[in-house]
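Report on one structure; see the data block that follows.
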Amino acid sequence: MVILITGAAGFVAQHFLQYLDALQQPIAVVGLYNTTLPTQQQYANISVTYAHCNLMDANDVETIVNQYAPTHILHLAAQSSVAQSWLQPADTMIGNISYFVNICEAVRKYQLPTKILYVGSAEVYGANSNYTVMPSNENCKPNNPYGVARKAQEDIMQMYVQHYQLNIVGTRSFNHIGPGQTTKFVIASFAQQIARQIQAGKTEIHLQVGNTTIVRDFLDVRDVVHAYYILLNNATAGEILNVCSSAGTSIQQLIDTMAQIKNVKIITQVMPDRIRPNETLSIIGNGKPLQEKYGWQPTYTLEQTLRDILDSCA
């Protein structure tokens with residue numbers, strides 16, 4: 001088994017590698033990076049090779065795919081911040097779509113039997129997400145540049161499956177959090193703010209926030225990578241499944257839980273630049289298809305995840 005991972009320097013990729021290593025199976029991994037070489041960690045059971053690749057360059061992608069002939073591709077690389085997509089809509093849409101098309105084209109050109117897992121986003125549901133959503137196209141009404149790009153990727157995926165018989169499966173991944181996430185994401189930002197003020201001896205924490213009333217479906221990244229492994233090995237070409245907890249939690253509830261864990265008082269300060277245009281108030285997924293068809297279940301409680309995030313910032 002040779003797994004090629006795009007976005008190998010990223011948060012999810014690092015947890016996926018740890019998951020693979022824990023399986024204690026002889027798996028070869030090729031991690032692609034562009035600007036930042038991933039941290040060189042030692043793994044007991046898997047072999048990891050890192051290769052520089054500009055996913056915007058079709059020739060570069062073809063060279064790498066032809067050289068390593070992966071049995072599986074986990075496509076994680078993306079501009080994945082909704083807030084950033086509003087600042088750079090063209091870069092977000094052109095980049096995210098081009099990465100994926102170049103990968104599909106490389107596999108098609110060399111007629112490889114590669115299984116591709118395209119990791120997408122619940123942002124495709126957009127403004128139509130004030131209920132527990134099922135993975136149906138009728139529910140998709142993306143309302144930000146990032147969500148629009150993700151929906152386009154899904155349509156591209158189906159084209160390659162139906163017309164070129166590529167073996168591609170996809171996800172609509174909801175908010176996933178855990179140790180090691182960059183502070184451009186909300187929970188990691190909160191944890192860092194809390195940790196720094198505790199380290200300074202404060203018991204009353206002042207937290208800069210956006211809209212704390214919004215509700216999201218949060219899942220531990222360690223449960224997420226378990227789902228990705230299952231889908232990479234078992235899902236049927238053309239399938240798109242929600243990866244989610246099937247439960248909604250408000251940002252304020254997360255803040256309250258972190259305050260309890262650290263036994264501090266948290267005072268929030270709403271920052272106008274953290275309020276997104278067209279913010280969807282509630283996005284909660286329905287994870288039953290993934291659970292019932294493939295036997296996946298989340299194992300981490302939200303409190304444990306938040307505790308681990310805070311500990312990692314200490």
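The values are calculated or read from the model by the stated rules, or taken from the named source; none is laboratory data. Just so you know, these numbers come straight off a predicted model, no measurement behind them. Positions of Cβ are backbone-derived with ideal geometry, glycine not excepted, and every protein chain shown enters the neighbour counts.
If only residues of segment 5-49 that are under 20 Å from the mean Cα position of the chain (by Cα) and either assigned to a strand (DSSP E or B) or among the acidic types (Asp, Glu) (or both) are counted, the one that is modelled with the lowest pLDDT is Tyr33. When segment 194-220 is limited to residues that are within 28 Å of the chain's Cα centre (by Cα) and assigned to a helix (DSSP H, G or I), the one that is surrounded by the fewest Cβ atoms within 10 Å (Cβ to Cβ) turns out to be Arg196. Here Ala127, Ala83, Ala149 are screened, and the one residue that is more than 23 Å from Met56 (Cα to Cα) and either in a helix (DSSP H, G or I) or of a type in the set (Val, Ile, Thr) (or both) is Ala127.
Among the residues of segment 268-289, is there at least one that is assigned to a strand (DSSP E or B), within 27 Å of Tyr160 (Cα to Cα), at pLDDT below 95 and not aromatic (Phe, Trp, Tyr)? Checked segment 268-289: at least one residue is assigned to a strand (DSSP E or B), within 27 Å of Tyr160 (Cα to Cα), at pLDDT below 95 and not aromatic (Phe, Trp, Tyr).
Each row is one residue, and each column tells you yes or no for (1) surrounded by 20 or more Cβ atoms within 10 Å (Cβ to Cβ); (2) basic (Lys, Arg); (3) within 18 Å of the chain's Cα centre (by Cα); (4) in the same structural domain as Gly210 (by TED's automatic domain parsing).
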site: Asn137; (1), (2), (3), (4): no, no, no, no
site: Pro145; (1), (2), (3), (4): yes, no, yes, no
site: Ala149; (1), (2), (3), (4): yes, no, yes, no
site: Gln153; (1), (2), (3), (4): yes, no, yes, no
site: Leu166; (1), (2), (3), (4): yes, no, no, no
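Total residues in segment 174-190 satisfying the condition of being out of contact with any Leu (no Cβ under 8 Å at 6 or more places or on another chain) and touching a residue at least 60 places away in the same chain (Cβ under 8 Å): the figure is 9.
The number of residues in segment 69-94 that are surrounded by fewer than 18 Cβ atoms within 10 Å (Cβ to Cβ) and touching a Leu at 6+ places or on another chain (Cβ under 8 Å) comes to 1. Is one or more of the residues making up segment 239-261 surrounded by 15 or more Cβ atoms within 10 Å (Cβ to Cβ), charged (D, E, K, R), closer than 30 Å to Leu117 by Cβ and not assigned by TED's automatic domain parsing to the domain that holds Gly201? Scanning segment 239-261, I find at least one residue that is surrounded by 15 or more Cβ atoms within 10 Å (Cβ to Cβ), charged (D, E, K, R), closer than 30 Å to Leu117 by Cβ and not assigned by TED's automatic domain parsing to the domain that holds Gly201, so the answer is yes.
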